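Below is one structure; the comments refer to it alone.
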Amino acid sequence: MIRYVIVLPHTRHKFSVTCETLLDAQRIAEIGDVDHGVLMPGLGYCVYEHALFVPTDKQAYCGIAGHLIAGPAVFYGFDEAGETIDLRLSEFPDVRWYLGVNDVEAAIERGEIERPCMAFNGAAFWQWPDPPPK
């Protein structure tokens with residue numbers, strides 16, 4: 001059993017769960033089709049793979065460790081070998097809840113979080129909150 005942290009921006013709630021697998025934690029957070037990322041060494045997460053493309057008036061956001069998180073997310077610890085390890089809520093970075101697109105834009109302007117973007121060979125071809133690239 002591994003301890004995960006689930007963050008739910010829509011309800012501004014974060015909590016710890018102990019599950020057999022990451023998939024079990026994803027089910028609790030109600031996340032399907034996921035993308036994985038790393039916030040910092042030893043701290044990984046997964047979110048709905050198209051969460052940043054959801055229209056801003058239908059999505060909820062938070063900021064964690066300089067990253068914009070869109071929608072529900074499951075966070076987990078990992079060791080130097082890449083094995084999943086317990087993540088305690090007391091070890092989890094501070095969460096900043098955003099009311100909407102204007103709050104997110106203000107946080108980007110303050111340097112609190114980075115604007116999510118996609119780039120190829122150093123050239124950006126998409127940035128949040130633009131519609132998804134074709």
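Values quoted throughout were computed directly from the atomic coordinates according to the rules given, and no laboratory measurement underlies them. What you are looking at is a predicted structure, and each value in this text was computed from that prediction instead of being measured. All Cβ positions, even for glycine, are placed from backbone atoms using ideal geometry, and neighbour counts span all protein chains on display.
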*Considering the stretch 1-40 alone, what residues qualify as being more than 28 Å from residue 57 (Cβ to Cβ), of a type in the set (Ser, Thr, Tyr) and not in a strand (DSSP E or B)?*
21
_Restricting the stretch 41-62 to residues that are closer than 15 Å to residue 5 by Cα and part of a strand (DSSP E or B), the residue that is farthest from the chain's Cα centre (by Cα)_ = 43
*Would you check which residues across the stretch 90-134 are among the aliphatic types (A, V, I, L, M), in contact with a strand residue (DSSP E or B) (Cβ under 6 Å, 6 or more places away or on another chain) and more than 22 Å from residue 45 (Cα to Cα) and list them?*
124
*Are there any pairs, at least 6 apart or on different chains, whose C-beta atoms fall under 8 Å, with the first in the stretch 39-61 and within 15 Å of residue 103 (Cα to Cα) and the second among the hydroxyl-bearing types (Ser, Thr, Tyr) and part of a strand (DSSP E or B), and if so, which?*
60/98; 61/98
